[in-house]
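A.B. asks: Okay, handing you the structure first.
The values are calculated or read from the model by the stated rules, or taken from the named source; none is laboratory data. Computed from a predicted model, the values in this text were never measured in an experiment. Virtual Cβ from ideal backbone geometry, glycine too; neighbours counted across all protein chains shown.
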């Protein structure tokens with residue numbers, strides 16, 4: 001399995017290579033972009049200046065000038081805001097996926113190994129979650145958390161979105177894990193381990209879950225793409241990440257309002273969002289192909 | 001007998017889903033900020049008035065009876081009153097805004113289905129040729145491009161560059177209403193159209209590979225009849241399921257589109273409800289949309305075994 005992955009990494013799959021390269025660059029851009037950019041554009045006198053929130057120049061400076069991608073409708077540096085938006089998208093995507101994986105794997109495994117009454121409740125609950133179109137449930141959850149209420153917690157401004165999207169994204173993982181665990185449970189190597197006296201906990205953690213890492217990694221990439229898209233959608237609608245935090249979705253929304261005179265402002269957030277989503281899908285597909293030779 | 005059993009099981013699952021969705025919206029209402037009685041009473045209401053309103057709303061009851069009351073009212077079309085403005089009944093808000101959302105979603109679904117089935121079948125027939133590859137590439141783009149990225153592009157081209165279509169809804173319609181629907185419907189249908197194209201293609205390729213098609217070819221069935229009567233009718237079944245699930249995404253997708261084109265639909269009402277912390281509108285919007293989604297999937301699930309005897313056999 002490892003050899004096959006290395007094989008893919010060496011560039012046999014150009015789409016996967018593109019995805020990995022783009023995501024690496026994006027990660028660097030998100031981590032260091034806001035700091036470096038702030039140091040570059042900060043006026044000498046102002047100490048508390050932060051280019052993500054504070055105007056550096058006149059509104060709507062042209063692309064290609066002093067500020068590379070110009071400035072937005074409030075005169076803020078577009079590069080800084082794109083980098084800070086990348087931070088938000090990746091943070092939300094990653095945290096939501098960690099929570100969704102934890103809950104999804106636990107529920108999926110319990111759905112197979114727990115006593116019947118518990119697995120019944122858990123799996124019916126999972127099925128019920130599928131009755132909701134995702135964004136609809138997220139909208140409802142956000143409705144119960146008005147802006148400002150959670151600000152005192154770390155990541156406060158992102159918290160409503162993270163909570164809402166975590167709740168909507170675990171059921172699909174739970175369903176996948178349950179299906180996989182149910183088939184793995186009857187395979188010879190698991191039955192063999194059980195016969196030699198392994199406990200259920202040992203069976204699950206040492207024999208069954210390691211088999212699932214590949215497929216879960218692949219699915220995670222595609223799920224993160226979905227989460228980033230959902231976060232942008234909510235922010236675009238004005239109920240996700242709140243201003244002045246620069247989510248790509250809210251940047252697209254404010255660029256749309258000024259579209260009559262400055263249509264080019266729409267290009268950058270749309271482009272970086274689309275490329276991120278596509279790159280994550282490429283990486284997910286590449287991983288799936290590497291871990292599961294039978295899939296097409 | 002099997003068919004009846006399968007349908008009954010579906011109905012049971014639909015009922016369970018409805019219960020679940022109503023319970024979740026009820027719980028969301030419980031967690032929502034603000035006390036309804038205080039908000040409805042207004043700033044100047046005396047404690048006595050607030051207590052009376054609370055009693056009339058049943059808020060002094062324990063939660064199970066509040067839930068029963070909530071469902072009972074919802075079934076009779078009573079979703080409470082809006083917290084703001086003239087305290088308009090939420091039922092009226094839904095009745096005013098829902099038709100536009102349903103119209104948007106239905107038109108988009110029709111467009112997506114006809115477009116997707118046509119091009120999917122075309123791609124399958126010309127498999128691995130240039131036409132197939134171009135259709136596949138475009139549909140991959142269609143699946144990955146979000147609505148609110150495609151939106152600005154189309155609006156820029158058709159409204160600003162070519163100046164042919166209106167870029168937002170207006171209360172004083174200067175053109176026939178359908179003109180205002182062209183762009184929203186086109187944008188909304190892009191993703192399901194791409195999904196249906198890919199699915200039809202895959203399903204059609206599978207079908208064309210099967211033996212009864214080879215028999216039909218050997219028998220000398222004319223090509224058109226072969227493709228439409230023999231292959232497409234068999235290939236279309238999984239597509240019908242997708243149409244059911246896609247409709248849910250269209251309903252929620254229209255939230256974005258309505259917002260984008262400033263159309264006064266249910267989506268706009270719900271988003272406004274969230275921003276004003278007007279929970280009854282949000283609850284009712286989610287409940288109604290969710291119920292429609294469940295109902296539609298139920299219809300598809302019941303329709304499938306009726307349309308295809310093979311599914312009848314394989315189920316339970």
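A.B. asks: State whether one or more residues within segment A:109-125 are under 28 Å from residue A:240 (Cβ atoms) and in contact (Cβ under 8 Å) with a residue 24 or more places away in the chain. Don't jump to the end; show me each part of the working.
C.D. replies: Residues of segment A:109-125 under 28 Å from residue A:240 (Cβ atoms): A:125.
Subsequent filtering for residues that are in contact (Cβ under 8 Å) with a residue 24 or more places away in the chain retains none.
Checked against the condition, which is being under 28 Å from residue A:240 (Cβ atoms) and in contact (Cβ under 8 Å) with a residue 24 or more places away in the chain, segment A:109-125 yields no hits at all.
A.B. asks: Looking at the structure I just gave you, is residue B:205 away from every other protein chain (no Cβ under 13 Å) and touching a helix residue (DSSP H, G or I) at 6+ places or on another chain (Cβ under 9 Å)? So that I can check it myself, show each step before the final result.
C.D. replies: Details: away from every other protein chain (no Cβ under 13 Å): no; touching a helix residue (DSSP H, G or I) at 6+ places or on another chain (Cβ under 9 Å): yes.
Against the criterion (away from every other protein chain (no Cβ under 13 Å) and touching a helix residue (DSSP H, G or I) at 6+ places or on another chain (Cβ under 9 Å)), residue B:205 does not qualify.
A.B. asks: Across segment B:29-62, which residue is surrounded by the most Cβ atoms within 10 Å (Cβ to Cβ) among those that are in a helix (DSSP H, G or I) and within 14 Å of chain A (Cβ to nearest Cβ)? Full working, then the answer.
C.D. replies: Going residue by residue through segment B:29-62, those that are in a helix (DSSP H, G or I) are B:29-31, B:36-41, B:47-57.
Now restrict to residues that are within 14 Å of chain A (Cβ to nearest Cβ): B:29-31, B:36, B:39.
Numbers: B:29: 21, B:30: 12, B:31: 11, B:36: 18, B:39: 19.
Within segment B:29-62, the match that is surrounded by the most Cβ atoms within 10 Å (Cβ to Cβ) is B:29.
A.B. asks: Picking from A:161, A:204, which residue would you name as being touching a helix residue (DSSP H, G or I) at 6+ places or on another chain (Cβ under 7 Å) and closer than 24 Å to residue A:222 by Cβ?
C.D. replies: It is A:161.
A.B. asks: Quick check on this structure: which one of B:20, B:79 is crowded, with 18+ Cβ neighbours inside 10 Å, touching a helix residue (DSSP H, G or I) at 6+ places or on another chain (Cβ under 6 Å) and either assigned to a loop (DSSP other than H, G, I, E, B) or away from chain A (no Cβ under 14 Å) (or both)? Working first, answer last.
C.D. replies: On the way: B:20 fails: either assigned to a loop (DSSP other than H, G, I, E, B) or away from chain A (no Cβ under 14 Å) (or both).
So the residue among B:20, B:79 that is crowded, with 18+ Cβ neighbours inside 10 Å, touching a helix residue (DSSP H, G or I) at 6+ places or on another chain (Cβ under 6 Å) and either assigned to a loop (DSSP other than H, G, I, E, B) or away from chain A (no Cβ under 14 Å) (or both) is B:79.
A.B. asks: Would you check if residue B:26 is buried (at least 18 other Cβ atoms within 10 Å of the Cβ) and either away from every other protein chain (no Cβ under 14 Å) or part of a loop (DSSP other than H, G, I, E, B) (or both)?
C.D. replies: Working: buried (at least 18 other Cβ atoms within 10 Å of the Cβ): yes; either away from every other protein chain (no Cβ under 14 Å) or part of a loop (DSSP other than H, G, I, E, B) (or both): no.
Spelling it out, it is not the case that residue B:26 is buried (at least 18 other Cβ atoms within 10 Å of the Cβ) and either away from every other protein chain (no Cβ under 14 Å) or part of a loop (DSSP other than H, G, I, E, B) (or both).
A.B. asks: Restricting to segment B:86-120, name every residue that is at pLDDT 85 or above and farther than 24 Å from residue B:293 by Cα.
C.D. replies: Residues satisfying the conditions are B:118, B:119, B:120.
A.B. asks: Here is a check on your reading of the model: is residue A:11 over 15 Å from residue A:269 (Cα atoms) and either modelled with pLDDT of 70 or more or surrounded by 16 or more Cβ atoms within 10 Å (Cβ to Cβ) (or both)?
C.D. replies: Values: over 15 Å from residue A:269 (Cα atoms): yes; either modelled with pLDDT of 70 or more or surrounded by 16 or more Cβ atoms within 10 Å (Cβ to Cβ) (or both): no.
Answer is no for this residue.
A.B. asks: Within segment B:106-121, is even one residue away from chain A (no Cβ under 14 Å) and over 18 Å from residue B:246 (Cα atoms)?
C.D. replies: So far as segment B:106-121 goes, yes, one or more of its residues are away from chain A (no Cβ under 14 Å) and over 18 Å from residue B:246 (Cα atoms).
A.B. asks: Scan segment A:87-106 and give yes if some residue there is modelled with pLDDT of 80 or more, surrounded by 20 or more Cβ atoms within 10 Å (Cβ to Cβ), part of a helix (DSSP H, G or I) and within 14 Å of chain B (Cβ to nearest Cβ), otherwise no.
C.D. replies: yes
A.B. asks: Is there a residue in segment B:237-255 that is over 30 Å from residue A:239 (Cβ atoms), touching a residue at least 40 places away in the same chain (Cβ under 8 Å), crowded, with 20+ Cβ neighbours inside 10 Å and in contact with a helix residue (DSSP H, G or I) (Cβ under 6 Å, 6 or more places away or on another chain)?
C.D. replies: From segment B:237-255, those over 30 Å from residue A:239 (Cβ atoms) are B:237-241; that's our starting set.
Now narrow it down to the ones that are touching a residue at least 40 places away in the same chain (Cβ under 8 Å): B:237, B:239-241.
Narrowing the set further to residues that are crowded, with 20+ Cβ neighbours inside 10 Å leaves B:239.
Narrowing the set further to residues that are in contact with a helix residue (DSSP H, G or I) (Cβ under 6 Å, 6 or more places away or on another chain) leaves B:239.
Yes, some residue in segment B:237-255 is over 30 Å from residue A:239 (Cβ atoms), touching a residue at least 40 places away in the same chain (Cβ under 8 Å), crowded, with 20+ Cβ neighbours inside 10 Å and in contact with a helix residue (DSSP H, G or I) (Cβ under 6 Å, 6 or more places away or on another chain).
A.B. asks: Taking the condition more than 7 Å from chain B (Cβ to nearest Cβ) and within 14 Å of the chain's Cα centre (by Cα), does residue A:261 pass? Outline the logic, then answer.
C.D. replies: Values: more than 7 Å from chain B (Cβ to nearest Cβ): yes; within 14 Å of the chain's Cα centre (by Cα): no.
Taking the combined requirement at face value, the residue does not satisfy it.
A.B. asks: Still on this structure, I have one more. On the given criteria, is residue A:220 over 18 Å from the mean Cα position of the chain (by Cα), at pLDDT 85 or above and over 23 Å from residue B:22 (Cα atoms)?
C.D. replies: When the stated conditions are applied, residue A:220 does not pass them.
Let's see how each residue does on (1) surrounded by 24 or more Cβ atoms within 10 Å (Cβ to Cβ); (2) within 19 Å of residue A:165 (Cα to Cα); (3) more than 10 Å from chain B (Cβ to nearest Cβ):
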| site | (1), (2), (3) |
| --- | --- |
| A:226 | no, yes, yes |
| A:230 | yes, yes, no |
| A:240 | yes, yes, yes |
| A:244 | no, no, yes |
| A:251 | yes, no, yes |
| A:267 | no, no, no |
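A.B. asks: Between a residue in segment B:74-98 that is closer than 17 Å to residue B:271 by Cβ and any residue that is at pLDDT below 75 and in a helix (DSSP H, G or I), which pairs come within a Cβ distance under 8 Å, given they are 6 or more apart or on different chains?
C.D. replies: B:83/B:36; B:83/B:39; B:83/B:40
A.B. asks: Checking the condition touching a residue at least 60 places away in the same chain (Cβ under 8 Å) and closer than 30 Å to residue A:238 by Cβ, which residue from B:116, B:120, B:142, B:151 passes?
C.D. replies: On the way: B:116 fails: closer than 30 Å to residue A:238 by Cβ; B:120 fails: closer than 30 Å to residue A:238 by Cβ; B:142 fails: touching a residue at least 60 places away in the same chain (Cβ under 8 Å).
Testing whether each residue is touching a residue at least 60 places away in the same chain (Cβ under 8 Å) and closer than 30 Å to residue A:238 by Cβ leaves just B:151.
A.B. asks: Another question, if that's okay. Quick one: in segment B:275-295, which of the residues that are within 7 Å of chain A (Cβ to nearest Cβ) and either under 16 Å from the mean Cα position of the chain (by Cα) or more than 16 Å from residue B:24 (Cβ to Cβ) (or both) is surrounded by the most Cβ atoms within 10 Å (Cβ to Cβ)?
C.D. replies: Keep residues of segment B:275-295 that are within 7 Å of chain A (Cβ to nearest Cβ), which gives B:275, B:277, B:279, B:282, B:286, B:289-290, B:293-294.
Filter once more, keeping what is either under 16 Å from the mean Cα position of the chain (by Cα) or more than 16 Å from residue B:24 (Cβ to Cβ) (or both): B:275, B:277, B:286, B:289-290, B:293-294.
Values: B:275: 14, B:277: 17, B:286: 25, B:289: 28, B:290: 26, B:293: 24, B:294: 21.
Residue satisfying both the conditions and the ranking: B:289.
A.B. asks: A further question on this structure: Within segment B:256-288, which residues are closer than 21 Å to residue A:229 by Cβ and free of Cβ contacts under 8 Å to residues at least 40 places away in the same chain?
C.D. replies: Scanning segment B:256-288 gives B:259, B:270, B:271, B:274.
A.B. asks: Somewhere in segment A:133-153, is a residue within 14 Å of chain B (Cβ to nearest Cβ), buried (at least 18 other Cβ atoms within 10 Å of the Cβ), modelled with pLDDT of 85 or more and in a helix (DSSP H, G or I)?
C.D. replies: Among the residues of segment A:133-153, not one is within 14 Å of chain B (Cβ to nearest Cβ), buried (at least 18 other Cβ atoms within 10 Å of the Cβ), modelled with pLDDT of 85 or more and in a helix (DSSP H, G or I), which makes the answer no.
A.B. asks: Please work out which residue is farthest from the other protein chains (Cβ to nearest Cβ), limiting yourself to segment A:113-123 and to residues that are farther than 11 Å from residue A:175 by Cα and assigned to a helix (DSSP H, G or I). Let's see the steps before the verdict.
C.D. replies: Within segment A:113-123, the first condition is being farther than 11 Å from residue A:175 by Cα, and the residues that meet it are A:113-121.
Keeping just the survivors that are assigned to a helix (DSSP H, G or I) gives A:113, A:116-121.
On the way: A:113: 24, A:116: 18, A:117: 17, A:118: 18, A:119: 16, A:120: 12, A:121: 12 Å.
That would be A:113.
A.B. asks: Have a look at B:182, B:187, B:196 and point out the one that is more than 16 Å from residue B:263 (Cα to Cα), surrounded by 12 or more Cβ atoms within 10 Å (Cβ to Cβ) and at pLDDT 80 or above. Spell out the reasoning first.
C.D. replies: Working: B:182 fails: more than 16 Å from residue B:263 (Cα to Cα); B:187 fails: more than 16 Å from residue B:263 (Cα to Cα).
Exactly one residue qualifies, and that residue is B:196.
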